[in-house]
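Chemist: Below is a structure I'd like to ask you about.
The numbers here are math on the coordinates, done by the rules we state, and not lab data. What you are looking at is a predicted structure, and each value in this text was computed from that prediction instead of being measured. Reconstructed Cβ throughout: ideal geometry from the backbone, glycine too, with neighbour counts over all protein chains shown.
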Amino acid sequence: MAVQCNSILILWRACIGRVVGILFGVAIASAAATGPSLADGLYFSEVAVNYRAVNDRLRAKGWIEIVNKSDKPVDLGSYRLRAWGLNRRGRLSDAPLTFALPQKVLPPGGYHVLAGKLFDALKGNDKSSYIVSDDGRYFPYWSDAAGFVELLSADGKTVDFVRFGTETTAPITLGSWTGKSVPAFPAIANYQPSQSMDPLDNYDRSIVRRAAEFRTTGTKEDWTHVAFPTPSGPNDVPPEAVDADKDGIPNTAKVAGGTFAGLDLYAMGARPGQRDLFIHLEHLQGTNDPGLVPQRAALDKVVQAFKGHNIHVHFDVGNLFGPALTPADYNLSGDISFERPFIKCTQLPRGAADAEKGCSSLYEYSSDRFDVRRRPIFRFGLLASSQLQSGEKGKSGRSELPGNKFLVTLGQWRLSTQGEQRKNVLTNFQAGTIMHELGHTLGLRHGGFEDGNYKPNYFSIMNYLYQLRGLPASAAGMGPTQRYYYTWNHTFHSPVPGHGTAESYRLCDVPDGPCLATMIIDYSDGSGKSLDEAALDERQNIGRGADADAFADWNLNAGVDANTYARSITGDQGPLRVLRDHDDWSALTLVSGRSYATALQAKRHADPDCRTAPRAPASRLRCWSAPSSARIVVEPTPPIGLFNDLQRMEQERR
């Protein structure tokens, strides 16, 4: 790595140590045997770029791929990796380090991906491994501007080597690299990674030895910059490939005969001219709790909600509904079970942390059996039981915002397949929660463009008003008002018209609600008018028209107020606001594993009041959404009245 003695970032002694380390590495190279690389058949075939957030090296996520070009199996444990190191405090090593490789056998023609093991929950599988330095303190590091990786044999000789950018480090065995370095990766301004701490969630760019013209001359001519990394599979996407559908899938992989890392996405349902969204959905064993097991009717609802917007959702739940690879059965893997052993508690921790004692981490599942070749394309979901150490019922989910992983936890909710109403509740709760948590990974917040929740005019499953109660068949009728009543009765513990005591509004009394098979789940199209809490007009309902005798009863007096009035209608104790709808469908970020700067930037709203408003300091108009940052979204525990109602439904069934 090129020496950069920045007085602000690197202490003088550390910089001197870097220089000494580089000189020492050159001295070793000069003293080592000269000559060609060993004919082991192992080669680097891909190096992923290591972009990072500003001043945050720990969120840098590079990885490398090794291929066995020989005709014999090779044990990776006989080799070592040499590279610069970064520790968990974000400090670079003073000299290049060596990293032991796992004792895994790579078959002829096989690929294997290596990445830094930032924390214990990262497991690896037959196609991927997570590694650390011999002292357990460092993991491999390079930047977008400079770096190198070197594969060493057991006797310390160079097997393969590549460097790029301004890197000057030489290989141990002279003659293993000649000429200039591979050009650096293009810079990305305002790079915004997801909150994932798994390096194998990074797919911005890479340099590859293309499968169609694999060259091993030990020069920069061997390598090609590509925009579509293909981890643990052949680099089969042409460098000139484009993504016309803006879904992260190159056009070349959407046609018959095309592949992506060797995967046949066409056979799984991808097609040109449509946006494809692939979801790998695993579940815990739920013999006595159907809330843990994907329901076909729930998946159908999610698929249909997206299909109307030319987004084709392809779930893969393994052999749950049939043993053959059949997209109609949500099986894209063949006769493979996606069921995992039951554990009472599963979490998605923030940062490089492990789950609490007695709980599993979502990272354990996404880094274990999940085929790494799928990870640039698929999102990963898990239906688990609870997020609490006690294993008790609680929060409905947790997800990356934006990102590629989400967790649904409806265990112990007393959901059931017995009886038509209870079966409908199970289907609708699961469908609504999957679409809600998936929405976070696609860049949506609880208020669409903002975190503000319970906005009645934000007509979306992302809104807690509608997540579990669904959207009413008509936005111009009394359906929105009834959901407003239900929320104030349960969440804010208030009497409402028709329900004189708190927590008395029954779930099955919600019109077009979860006890019916016809309950609607959807994201908002942004067509609702704004609601000014300083001047509410009940006759306007939620801003999408008003049927005869329909009104918005914001003050809960059971009648239509002729005059406007001021009131907070979201339960927010802060200043009164102008509540704005949001066009969710136009804002979805289907591409994952790349910079989310566009998804997180400030945006002007489409509301007519905002068309001419300048970008000014924050005001009640809120014409510009505030810039956001990637994070983990944790849902609150639903009101106790909901759980009491589900318990009553169970007792009435007996």
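Chemist: Calculate how many DSSP beta bridges within the stretch 275-444 are antiparallel, expressed in % of all such bridges and rounded to the nearest 5.
Modeler: Antiparallel bridges make up about 20 percent of those DSSP assigns within the stretch 275-444.
Chemist: Ok, one more. To the nearest 0.05, what FRET efficiency results for T219 and N288 with a Förster distance of 56 Å applied to their C-beta separation? Spell out each step's value before the answer.
Modeler: Numbers: r = 62 Å, r/R0 = 1.10.
Calculated transfer efficiency: 0.35.
Chemist: Set the Förster radius R0 to 51 Å, insert the Cβ-Cβ distance between T166 and V255 as r into 1/(1 + (r/R0)^6), and round the FRET efficiency to 0.05.
Modeler: 0.85
Chemist: Calculate, for R648 and K246, the FRET efficiency according to 1/(1 + (r/R0)^6) with r their C-beta to C-beta distance and R0 45 Å; round to the nearest 0.05. Working shown, then result.
Modeler: Values: r = 47 Å, r/R0 = 1.03.
Computed FRET efficiency for R648 and K246 comes out at 0.45.
Chemist: Scanning the chain for helices, which whole DSSP H stretches are 30 Å or more long along the axis (Cα) and average -1.0 or more by Kyte-Doolittle?
Modeler: 420-441
Chemist: Once you keep just the Cα pairs under 8 angstrom separated by 6 or more residues, what percentage relative contact order results for the chain?
Modeler: 11 percent
Chemist: Right, something else. Given the stretch 107-183, what percent of its DSSP beta bridges are antiparallel, to the nearest 5? Don't jump to the answer; show the numbers that get you there.
Modeler: Details: 8 of 13 bridges.
That works out to approximately 60 percent antiparallel.
Chemist: Here's another thing I want to ask about it. Just subtract the alpha-carbon distance of K72 and A548 from 0.36 nm times their residue separation and send over the number in nm, one decimal. Provide the component values of the computation, followed by the final result.
Modeler: On the way: separation 476, 0.36 × 476 = 171.36 nm, distance 7.73 nm.
Extra length available between K72 and A548 comes to 163.6 nm.
Chemist: On to the next question. Give me the distance in nm between label points sitting 7 Å out from Cα along the Cα-to-Cβ direction at I188 and Q418, one decimal.
Modeler: Simple spin-label model gives 5.1 nm for this pair.
Chemist: Distance between Cα centroids, the stretch 207-223 to the stretch 225-293: provide it in whole Å.
Modeler: Result: 25 Å between the Cα centres.
Chemist: For the chain, give the share of DSSP beta bridges that are antiparallel, in percent and rounded to the nearest 5; count only bridges with both residues there.
Modeler: Close to 70 percent.
Chemist: So if I restrict to the alpha-carbon atoms in the chain, what is the Rg, and what is Dmax, the biggest pairwise distance, in Å?
Modeler: 27.2, 92
Chemist: Can I ask one more? Determine the relative contact order of the stretch 275-444: mean sequence separation of Cα pairs under 8 Å and six or more apart, normalised by residue count, in whole percent. Intermediate values should be presented prior to the final figure.
Modeler: On the way: 354 pairs, mean separation 41.6, N = 170.
Normalised by residue count, the contact order of the stretch 275-444 is 24 percent.
Chemist: Just list whichever of K72/K123; K61/K405; K455/K529 have alpha carbons separated by over 19 Å in the model shown.
Modeler: In this structure, K72/K123 exceed 19 Å between Cα atoms.
Chemist: Note down the nm distance, to one decimal, between modelled labels 7 Å out along Cα→Cβ at A534 and at S474.
Modeler: For the pair A534/S474, the computed spacing is 3.4 nm.
Chemist: What's the exposure ranking of W488, W63, going from fewest to most Cβ atoms within 10 Å? Don't skip to the answer; put the middle values down first.
Modeler: On the way: W488 22, W63 27.
Result, fewest neighbours first: W488, W63.
Chemist: Another question, if that's okay. How do S628, S399 rank when sorted from fewest to most other Cβ atoms within 10 Å of their own Cβ? Can you show the working numbers first?
Modeler: Working: S628 20, S399 28.
Ranked by crowding around the Cβ, least crowded first: S628, S399.
Chemist: Just order 273-285, 246-258 by mean Cβ neighbour count inside 10 Å, highest at the front, would you?
Modeler: Descending mean neighbour count gives 273-285, 246-258.
Chemist: Moving on. Excluding same-chain residues fewer than 8 positions from K307, which lysines have a Cα within less than 20 Å of its Cα?
Modeler: Once the sequence-local lysines are set aside, what remains near K307 is K246, K254.
Chemist: Another question, then. Would you work out if the stretch 326-370 is rounded, prolate or oblate? Take a ≥ b ≥ c from the square roots of the eigenvalues of the alpha-carbon gyration tensor; rounded if a/c is under 1.5, else prolate when a/b is larger than b/c, oblate otherwise.
Modeler: Verdict is prolate for the stretch 326-370.
Chemist: Still on this model: 7 Å from Cα along Cα→Cβ at both S333 and D264: what's the point-to-point distance in nm?
Modeler: Label at S333, label at D264, 1.9 nm between them.
Chemist: Counting helices only, and only those DSSP H runs with n ≥ 4, report the 222 nm mean residue ellipticity of the chain as the sum of -39,500 (n - 2.57) divided by its residues, in deg cm²/dmol to the nearest 500.
Modeler: -4500 deg cm²/dmol
Chemist: Something else about it: I need T441, T589 ordered by Cβ neighbour count within 10 Å, fewest first.
Modeler: In order of increasing Cβ crowding within 10 Å: T589, T441.
Chemist: Under the definition of Cα pairs under 8 Å and six or more residues apart, what whole-number percent is the relative contact order of the stretch 377-461?
Modeler: The normalised contact order for the stretch 377-461 reaches 26 percent.
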